[in-house]
Amino acid sequence: MPTATRPPLSSAVPSKTLYFPNPRHLHQLYAGRDDNLTLVEHALGVKLVTREEWLKIDGPAEAIARTETLFGHLNEARGQGVVIRTPDFARIVATFARGDSKELQELFGAPLVITTNRRSIVPKTLGQKFYLQSIQKNPIVFGIGPAGTGKTYLAMAAAISALLKNEVQRVILTRPAVEAGEALGFLPGDLREKILPYLRPLYDAMHDMLDVEDVTRLTEKGVIEIAPLAYMRGRTLSHSFIVLDEAQNTTPEQMMMFLTRLGEDSRMIITGDVTQIDLPRSKASGLVEVSRILGDVPGIDFHYFSGADVVRHPLVLKIIEAYERYKNPMGEAASQS
């Protein structure tokens, strides 16, 4: 935690100075952007000045205390290994300004660790931590956002962890097989060989969390099932953790079919990127439609990732941003005005 000192009593305006181990430490708390400090000033009614490793807070005593608490929370997040990005910072400040302290206490109260046989997985951004907390609280969670944000990997981690803790009896992993534009029946090999190219990302994530022998044993016993979405029709999936990946390539009818498979003591995570829809132009995406239909249903949560949550190579974020500017140049101009 930062140390604090009060200025002399003769100061006309109450103030407090927070000291941190070094300038880099302090910069990481507000993503190194001065406009983020300006955001705090407007939201909490204080004046902030920073030099090197210290942050001076001027304003009413109550506002100073709230600002100190805010930076204390941010410091806790940094200590848990979370990288604070600008969208995360803005969301936290907005939550803090609303007085939703309970939500922030849950967010920063303790490290969130997902344990699997091969590794422990810790969220790398606050957006990822919000996502995992939502998975813990809600039977159905939608993780929507660009590539590289960890939405599928974290869903897999939550599913495998729940299985290892005996919270569910099986894990079911599925996705629509539409990317290649070929019907499964025309692809070579048996069912497993036909669908393997479509489900490879799920296999890759699973092998990162379980030993190869465990994957083979659990899949052969049906404890872990990997199948195309079409094979979910007509089933009731009880005591299961179900992950639907690439959900942007479901039709509205497929999405409704999948969601109504939810059985007793089961949980679902649906992930997708609405900017990468491979359906024919004549077909609507079930993932785009579902948020308008189920957005207000208790027990169903929609978590939206942004480019700030990208945890792949730094160039991935730059690629995503470049494509967004190319596709929506007027939106960019409007946002800058």
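If you count, for each residue, the other Cβ atoms within 10 Å and average over each peptide, how do 227-237, 54-64 line up from highest to lowest?
Result, highest mean Cβ count within 10 Å first: 54-64, 227-237.
Which lysines have a Cα less than 25 Å from the Cα of Lys283, not counting those fewer than 8 places away in the same chain?
Cross-link targets: Lys151, Lys194, Lys327.
Within region 211-236, find all residues whose amide N lies under 19 Å from a label point positioned 7 Å from the Cα of Glu289 along Cα-to-beta-carbon.
Residues 229-234 qualify, since their backbone N sits under 19 Å from the label point.
Tell me, what HN-Hα J-couplings in whole Hz come from the Karplus equation 6.51 cos²θ - 1.76 cosθ + 1.60 at θ = phi - 60° for each residue of region 237-244, using x for Gly and Pro?
My calculation for region 237-244 gives 9, 9, 6, 10, 10, 10, 10, 9 Hz in order.
Any idea of the accessible area per residue across region 257-313, 1.4 Å probe, to the nearest Å²?
Here the residues of region 257-313 average 55 Å² of exposed surface.
Under a 5 Å amide H to amide H cut-off, with H placed in plane at 1.01 Å, what residues pair with Thr149 once short-range neighbours are removed?
Result for Thr149 returns Val311.
Mind checking the full-extension length gain between Arg325 and Glu52? Use 0.36 nm per residue of separation minus the Cα-Cα distance, one decimal, nm.
Using 0.36 nm per residue and subtracting the Cα-Cα distance, I get 94.8 nm.
For the pair Gln80 and Leu37, how long in nm is the line joining their label points, each one 7 Å along Cα→Cβ?
With each label placed 7 Å out from Cα toward Cβ, I get 2.6 nm.
The values are calculated or read from the model by the stated rules, or taken from the named source; none is laboratory data. The structure displayed is predicted, hence computed values, not measured ones. Cβ: placed from backbone, ideal geometry, glycine included. Neighbour counts: every protein chain shown. Remember, those area values only see protein heavy atoms, side chains included, never the ligands or the DNA or RNA. Shrake-Rupley method; radii C 1.70, N 1.55, O 1.52, S 1.80 Å.
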